[in-house]
Amino acid sequence: MQSWNLNEIDTPGGSRSPVVLDTKDEARAVLISLDPGQALGDHQVHERSWIVVLEGSVRIESGADAVDAGQGFLAWLDAGERRSISTDAGARILLLLAPWPGKGHYHPDDRPAR
C-alpha cells in the first residue's frame with residue numbers, strides 16, 4: 001500500500017508547481033494548488049479526469065456547463081473534453097488521470113520506456 005497525507009504536501013508556486021504523487025500504467029495522481037485568482041485555463045487532456053476539491057472552492061467550466069465546487073466535490077470529465085478550472089480565493093485539488101498515458105498523449109517516439 002502507498003499513502004499520502006495531502007494536507008502535508010507543499011505545493012509552492014500554485015498551479016506552476018503541480019506535484020505528481022504517483023504514476024502507474026493505469027493512472028496518474030496529481031496534487032495542484034491554485035493561489036487566489038489562479039486558473040488552469042481552457043485545456044484538454046488525453047485521459048479521463050476526476051477532479052476532487054480538497055480545500056477552498058473552484059469553478060469548473062466545460063463547454064456550456066459550469067459548476068461552483070467546494071471542498072469534497074468530485075467531478076468527472078471525459079478524455080478530450082475541454083475544461084477550465086479557476087478560483088477566486090484559492091484551492092487545492094487532486095487530479096486523477098486514467099488510463100495513463102491516454103491514447104495520443106505521447107508521440108510514439110516520445111513514449112516513456114516501460
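The values are calculated or read from the model by the stated rules, or taken from the named source; none is laboratory data. Since this is a predicted model, take the numbers as computed values, not measurements. Quick reminder, even Gly has a Cβ in these numbers, built from the backbone with ideal geometry, and neighbours come from all protein chains shown. Keep in mind that these areas ignore ligands, DNA and RNA; they rest on the heavy atoms of the full protein, side chains included. Shrake-Rupley method; radii C 1.70, N 1.55, O 1.52, S 1.80 Å.
Summary of computed values
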| item | result |
| --- | --- |
| Any hit, the stretch 45-53, residues being touching a residue at least 24 places away in the same chain (Cβ under 8 Å) and touching a Ser or Thr at 6+ places or on another chain (Cβ under 8 Å) | no |
| Selection within the stretch 43-72 - closer than 21 Å to residue 28 by Cβ, outside any loop (DSSP other than H, G, I, E, B), open to solvent by 60 Å² or more (accessible area, probe 1.4 Å) and not hydrophobic (A, V, I, L, M, F, W, C) | 48, 55 |
| Residue match in the stretch 2-13 (condition: outside any helix (DSSP H, G or I) and farther than 15 Å from residue 93 by Cα) | yes |
| Residue identified as modelled with pLDDT of 90 or more and out of contact with any strand residue (DSSP E or B) (no Cβ under 9 Å at 6 or more places or on another chain) among 75, 64, 69, 91 | 64 |
| Cβ-Cβ under 6 Å pairs, at least 6 apart or on other chains, the stretch 6-23 side open to solvent by 90 Å² or more (accessible area, probe 1.4 Å), far side in a loop (DSSP other than H, G, I, E, B) and aliphatic (A, V, I, L, M) | none |
